[in-house]
Each structure stands twice: as C-alpha cells, then as structure tokens.
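The values are calculated or read from the model by the stated rules, or taken from the named source; none is laboratory data. Remember, it's a predicted structure, so these values are computed and weren't measured experimentally. Neighbour counts are summed over all protein chains in view; Cβ atoms, including those assigned to glycine, are modelled from backbone coordinates with ideal geometry.
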Amino acid sequence: MNLEDIIKETKTFYCLECGKCSSICPISRYDPAYSPRVMVEDALLGLEDGLVHNNKLFSCLTCGACQLKCPSDVNFPLFIQKMRAIASNNGQHGDCAHSGTTQSLTQLMANSTIQQRRLEWLSNGYRTSDQSEVLFWVGCAPYFDTVFEDLGFKVTDIAKASLRILNLLGIEPKVLPNEKCCGHDMLWTGDVDTFEELAQQNAAMIKEAGVEKIIFSCPECYRTFKEDYPNYVDIDCELQHISEFLSEAIEKDGLSFKEIRKKVTYQDPCRLGRHLGVYEPPREVIQAIPGVELVEMKHNREESLCCGTSAFTNCDLYSKQIRVERLLEAKATGADTLITTCPKCQIHFRCAMVNKGEEKGPDIEIEVMDMVNLVANALEVQDDG
Amino acid sequence: MNEFEPRIIAFACNWCTYAAADLAGTSRIHYAPNVRVVRVMCSGMVNPIYALKAFEGGADGVLIAGCNYSDCHYLNGPIKCDAMFARLKKLVHTLGLEDERLRRERISASEGVIFARVIDEMVEQLKKLGPSPLKGAREKAPSPFERAREEATV
C-alpha cells in the first residue's frame, strides 16, 4: 500500500487543518514536537520520506482520542497503522520497550514448528474441557508473567479469575495449548507479515477446535479478532469480551455476589472503549456487586485518558507523564482501587508506581486490579495459586 | 557426512570467560568448532533479548558465561546475570524449547580447559537434541543491515 492509497482509505484528504487532533492528543500535551496535524499535513504534501524516517511516527498511542474529535472523521489510528507498515519495510521499528523482548517473543511464536508450554499455570482447581463449544482466549499472559515479574502481580491471575468465573457459571471452556499471540503489537508496529502468519495459524487452530464462541479477557486480542482478522482470515465464531459476557449473565440470571465494601473507579482501555465502543458493560458488572461504589474520573468513557504506551514502543518520559496524570486523576476521586479490563493498562500503571519519580512519591499509589479479579472475589472463590 | 552440526552462540564476559577462551586457544586445547563467541563487557549486561535474537537467527544453543561471584570486575555482574538468566530460562521454557539449549556457566580467566569442556559437552547434547525448532522455519525479509551488506558485496 502506498501513501496515496493510505490517504484515500483513511480519508486524510478531508483534513481541515483545524488542529483538534493535536489539542486532544495526550502525547502532544506533553511533547510539543509531536503533532498529529503536522503528520497529516506532511502526508498530504507527499513528504513520505520525512514521515517514515521520523521516530515520532511510533510515538502515537493509537488511542483514538483524535478520531473522536475530528470533524472530518479522519481515521488517524488507521493512518498510523498503515504508515508504520511502510516504515517497517524501510527498517524503522520505533524504540521497543523492554529491549524488544515482547516483540521478539511474538516473532518466535510465529514459527509454525514450535510446541509451546503455555498452560503450566493451569492447576487442577480449574475445569476445562476439550469438548466445550466455548473457547477462552488466554493471550500472552504466560509470557508477561515472566517479563513483568518485578511489578508485583501475576498476569495469569487474570486468566485464572476468568476461568473461575466461567466454572462457577457452569461453563467448562476449552483452552488452546499452542495458542499464538493474536499479533496485535505486530500489526500496530508495522510487521504485517508476522501478523498475517499468526492470524492464519490461530484461525486454523480455532477451526480445528470447532468452537462456537470465544471469550476474551484482553481487549487487544478482542479488538484484533473483531476488527483486523476479518481482513486476513475467516473466524466463524461469536466473539465476546468477558465484561460483555458477565453483564449479560447478570441481566439473565442475576448472580449472587457477596458484599465487598470498596470505592472504585474505572479506567476505559482504549481498545475496548474508543475502538469498540464497549463502555457500559464493565460498569454494569462492577455496579452489580453489592457494597461497591463506582466513582468516575474527570475523564471517562470517550474522554478517557490512555495508560501511556501502546504496542510496547516508544515508551518515554511523555508516556510516564501521561500515566502519572491518570493516576493522580484516579487518586482525586477518592477511590481505593483503580479497576481496568486490560492487562497492559495494569502493567503500565504498576510500572509507573514501581519506577516513580522522586517528586511524585506516594501521591500516585493506588491499588490496581482487573475487573475479573474483583468479580471472582465477590463470587466468593478462593484462588489456590 | 551429513551429520547435524549445531551452532552455539556464546556470550562471554571480557574479563574472565573471554580470556578463558583465549587461553584455550593459546594452550592449543582442542574443542568443537561449533561455537561463535560474542564478547560482552560483563555477563551482567546480557539481556534476555540477546538470547532470544540468537534463537530467532537460527542458533541451536546459547551459552552465557562470565566471572565467578568473587572475581567480577564490576562487583555484582554475576548476581545480575543469575537473576536475568532465571527469567530467560522461564521464557525459553514457555516457548517450548528444550532446557538444555540454554546454559549458564561461570568460567574464570585461568580455566581454558573448563571452557573447552563446556563447549564439547554442549555440542554433544545439542547433537542429540537435533536442530532448534525455531531454525529457518520462517523466511524473513532481510533487515536493512543485511541488505546493505549484500549490496556492498555485489
């Protein structure tokens, strides 16, 4: 795809130069050198080389805040995604956080010859069944457990809590022993070849599994399956995020929760919120638990602020400032706990708290928890670790 | 003669293991030629990505070797390396590689014999295991560096 096609597809030529994108952009607020408007202008002037070889191309969080404010409906996140594919072909990859470990793991996973040992966290307390028509998509949690060991939480706890909840609702889901990364980060850093390879392998595995429904606990996997896979492969299943699944279950059966006295606030992950428009189901689930009081942050729903990094690229000083701002906002609500539905949001917030600047000290410390962990606690289940 | 010859990438610390490899050479000790030694300033600077990239590039085994705890030129390099290695081992295990493909050794500068023995042992083990499942399964587009090198040689 060349620049002209990208401009056509993302409707960039409708740009009015109003600059609303640059005023809402979380990066631009901290980094004066970064501006979505200037990037769009450069594209329209045909300055492809300058765009592609500018590292700022990889700073975009693809959070979608600009797209929402744009009067001409320019799809800026898609524009960035496609431009990165060109940049990637020119050898530009952005600055990968964590030395590029997560990207490298994904690339290694794309080998069709490997047989992973990714289900070792699954202990006997959880019931799964190979005959089930429901598939639970685990995601990269088994790898994140190791990579983010020092952040003081286990990413697989989210998967465990999800399985617990499903088991308690009488569902014994299937899990794939050699599930591959959904490829979200590859697509958003421009490595389309690896993404396609992963998509094909996953689609083949899901077809073989013969399931009717897939439940996700990670919004990034969910978005990728829902929005991006149809362009490459056929997934003939119903797709649902666990928050949507739970809110339906609460409406239908009225689950019995034990009381938890807690004041919480909710962080909308960009993939689940702005990208897919799922704002209310997680809130309904949180509010269904007796004793839990949900207070909203200053920026919520469509206005919600990003956790500061996407696809593990260009995590820098500005990302950190965005994170601190969001945590201060969460603290300002007076909530005890910040609830999110995305494991990566949780990783990034915890990272900001562990590696805090001296000036911010205890001001930004707040308990961060995934929605499924809260629900699992309220359903009176003990985690056997 | 189509026997499988494994390829080992060894990250060796400048002050001890690299010197040991040098000593093995100057002492005319025979050992398997399957190893490519990468000199690093300290075993504590080796990041998990080094090993992952080596596997990505087709290595059959990776050796990370440095000073003994008491010999480190920078005081605590081996301790850092141990912590890193524990994580790397878990990652490689989850990816589905055999544990023997990854090895951590502490070889001091005077132990050329031990260096030679470690390499011989590793080659023998890897020959039993066969080629890495990550090897050459995917045709990857050449990186800009590779392209530049190709152009330079033409």
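A:ALA161 fulfils the conditions (1) over 29 Å from A:SER247 (Cβ atoms); (2) assigned to a helix (DSSP H, G or I) except for a single criterion, (1). Residue count for segment A:190-225, restricted to those that are of a type in the set (D, E, K, R) and not in a helix (DSSP H, G or I): 3. Counted as qualifying within segment B:1-76 are no strands (runs of 3 or more DSSP E), as none has 1 or more residues that are more than 27 Å from A:THR146 (Cβ to Cβ) and within 14 Å of chain A (Cβ to nearest Cβ).
Find the residue count for segment A:129-145, including only residues that are among the β-branched types (Val, Ile, Thr) and crowded, with 21+ Cβ neighbours inside 10 Å.
Step one: of segment A:129-145, the residues among the β-branched types (Val, Ile, Thr) are A:134, A:138.
From what is left, the residues that are crowded, with 21+ Cβ neighbours inside 10 Å are A:138.
Total meeting the criteria: 1.
Can you pull out the residues in segment A:146-163 that are among the aliphatic types (A, V, I, L, M) and either buried (at least 23 other Cβ atoms within 10 Å of the Cβ) or closer than 19 Å to A:MET109 by Cβ (or both)? Those that are among the aliphatic types (A, V, I, L, M) and either buried (at least 23 other Cβ atoms within 10 Å of the Cβ) or closer than 19 Å to A:MET109 by Cβ (or both): A:VAL147, A:VAL155, A:ILE158, A:ALA159, A:ALA161, A:LEU163. The set of residues in segment A:226-264 being of a type in the set (A, V, I, L, M, F, W, C), within 21 Å of A:ASP370 (Cα to Cα) and outside any strand (DSSP E or B) consists of A:ILE242, A:PHE245, A:LEU246, A:ALA249, A:ILE250, A:LEU255, A:PHE257, A:ILE260.
Pick out the one residue from B:CYS13, B:CYS81 that is modelled with pLDDT of 95 or more and farther than 30 Å from A:ALA110 by Cβ.
On the way: B:CYS81 fails: farther than 30 Å from A:ALA110 by Cβ.
The conditions single out B:CYS13.
Reported count of residues in segment A:91-112, each being part of a loop (DSSP other than H, G, I, E, B) and modelled with pLDDT of 90 or more, is 1.
Scanning segment A:305-333 for residues being surrounded by fewer than 21 Cβ atoms within 10 Å (Cβ to Cβ) and under 14 Å from A:TYR266 (Cβ atoms) gives a total of 2. Comparison of A:LEU187, A:LEU198, A:LEU166 shows that the only residue that is surrounded by 20 or more Cβ atoms within 10 Å (Cβ to Cβ) and either of a type in the set (Gly, Ala, Ser) or over 29 Å from A:ARG84 (Cβ atoms) (or both) is A:LEU166.
Yes/no per residue for (1) within 13 Å of chain A (Cβ to nearest Cβ); (2) farther than 26 Å from B:GLY66 by Cα; (3) modelled with pLDDT of 95 or more:
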site: B:LEU97; (1), (2), (3): yes, no, no
site: B:GLU105; (1), (2), (3): no, no, yes
site: B:ALA116; (1), (2), (3): no, no, yes
site: B:ILE119; (1), (2), (3): no, no, yes
site: B:PRO133; (1), (2), (3): yes, yes, no
site: B:GLU139; (1), (2), (3): yes, yes, no
site: B:PRO142; (1), (2), (3): yes, yes, no
site: B:GLU150; (1), (2), (3): no, yes, no
site: B:THR153; (1), (2), (3): no, yes, no
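Given (1) touching a strand residue (DSSP E or B) at 6+ places or on another chain (Cβ under 9 Å); (2) within 12 Å of another protein chain (Cβ to nearest Cβ), identify the lone condition not met by A:VAL147. Failing condition for A:VAL147: (1).
For the criterion of being touching a Pro at 6+ places or on another chain (Cβ under 6 Å), more than 14 Å from chain A (Cβ to nearest Cβ) and closer than 24 Å to A:GLN116 by Cβ, B:LEU126 passes. In summary, B:TYR18 fulfils each of the numbered conditions (1) without any contact (Cβ under 8 Å) to a residue 40 or more places away in the chain; (2) surrounded by fewer than 21 Cβ atoms within 10 Å (Cβ to Cβ) with the single exception of condition (2). Of all residues in segment A:49-88, those that are under 25 Å from A:GLY277 (Cα atoms), out of contact with any Cys (no Cβ under 6 Å at 6 or more places or on another chain) and in a helix (DSSP H, G or I) total 12. Look through A:GLN115, A:GLN131 and report the one residue that is under 16 Å from B:PHE55 (Cβ atoms) and assigned to a loop (DSSP other than H, G, I, E, B). Result: A:GLN115 is the single residue among A:GLN115, A:GLN131 that is under 16 Å from B:PHE55 (Cβ atoms) and assigned to a loop (DSSP other than H, G, I, E, B).
Residue by residue through segment A:269-295, note down the ones that are outside any loop (DSSP other than H, G, I, E, B) and buried (at least 23 other Cβ atoms within 10 Å of the Cβ). Of everything in segment A:269-295, those that are outside any loop (DSSP other than H, G, I, E, B) and buried (at least 23 other Cβ atoms within 10 Å of the Cβ) turn out to be A:ARG271, A:LEU272, A:GLY273, A:ARG274, A:PRO282, A:VAL285, A:ILE286.
Every condition in (1) surrounded by fewer than 19 Cβ atoms within 10 Å (Cβ to Cβ); (2) modelled with pLDDT of 95 or more holds for A:GLU120 except the one numbered (2).
Being over 23 Å from A:ASN89 (Cβ atoms) and free of Cβ contacts under 8 Å to residues at least 60 places away in the same chain, is that true of even one residue in segment A:51-67?
Here is the first cut: in segment A:51-67, the residues over 23 Å from A:ASN89 (Cβ atoms) are A:63-67.
If we keep only those that are free of Cβ contacts under 8 Å to residues at least 60 places away in the same chain too, we end up with A:66.
Looking for residues that are over 23 Å from A:ASN89 (Cβ atoms) and free of Cβ contacts under 8 Å to residues at least 60 places away in the same chain, one finds at least one in segment A:51-67, hence yes.
Of the set (1) over 22 Å from A:THR341 (Cβ atoms); (2) within 13 Å of chain B (Cβ to nearest Cβ); (3) in contact (Cβ under 8 Å) with a residue 24 or more places away in the chain, all apply to A:THR189 but (2).
For segment A:268-285, which residues satisfy the criterion of being out of contact with any strand residue (DSSP E or B) (no Cβ under 7 Å at 6 or more places or on another chain) and either on the phi < 0 side of the Ramachandran plot or among the aliphatic types (A, V, I, L, M) (or both)? Walk me through it before giving the result.
First, the residues of segment A:268-285 that are out of contact with any strand residue (DSSP E or B) (no Cβ under 7 Å at 6 or more places or on another chain): A:268, A:270-271, A:273-277, A:279-281, A:284-285.
The answer is A:ASP268, A:CYS270, A:ARG271, A:GLY273, A:ARG274, A:HIS275, A:LEU276, A:TYR279, A:GLU280, A:PRO281, A:GLU284, A:VAL285.
Quick one: is A:LYS298 in contact with a helix residue (DSSP H, G or I) (Cβ under 6 Å, 6 or more places away or on another chain), of a type in the set (D, E, K, R) and surrounded by fewer than 23 Cβ atoms within 10 Å (Cβ to Cβ)?
On the way: in contact with a helix residue (DSSP H, G or I) (Cβ under 6 Å, 6 or more places away or on another chain): yes; of a type in the set (D, E, K, R): yes; surrounded by fewer than 23 Cβ atoms within 10 Å (Cβ to Cβ): yes.
Yes; evaluated as a whole, the condition is true for this residue.
Within segment A:101-124, restricting attention to residues that are free of Cβ contacts under 8 Å to residues at least 12 places away in the same chain and not β-branched (Val, Ile, Thr), the residue that is farthest from the other protein chains (Cβ to nearest Cβ) is A:ASN124.
Based on this model, can you work out whether A:GLY46 counts as farther than 26 Å from A:VAL155 by Cα, touching a helix residue (DSSP H, G or I) at 6+ places or on another chain (Cβ under 8 Å) and not in a helix (DSSP H, G or I)?
On the way: farther than 26 Å from A:VAL155 by Cα: yes; touching a helix residue (DSSP H, G or I) at 6+ places or on another chain (Cβ under 8 Å): yes; not in a helix (DSSP H, G or I): yes.
It is true that A:GLY46 is farther than 26 Å from A:VAL155 by Cα, touching a helix residue (DSSP H, G or I) at 6+ places or on another chain (Cβ under 8 Å) and not in a helix (DSSP H, G or I).
For segment A:143-158, residues that are among the aromatic types (Phe, Trp, Tyr) and assigned to a helix (DSSP H, G or I) total 2.
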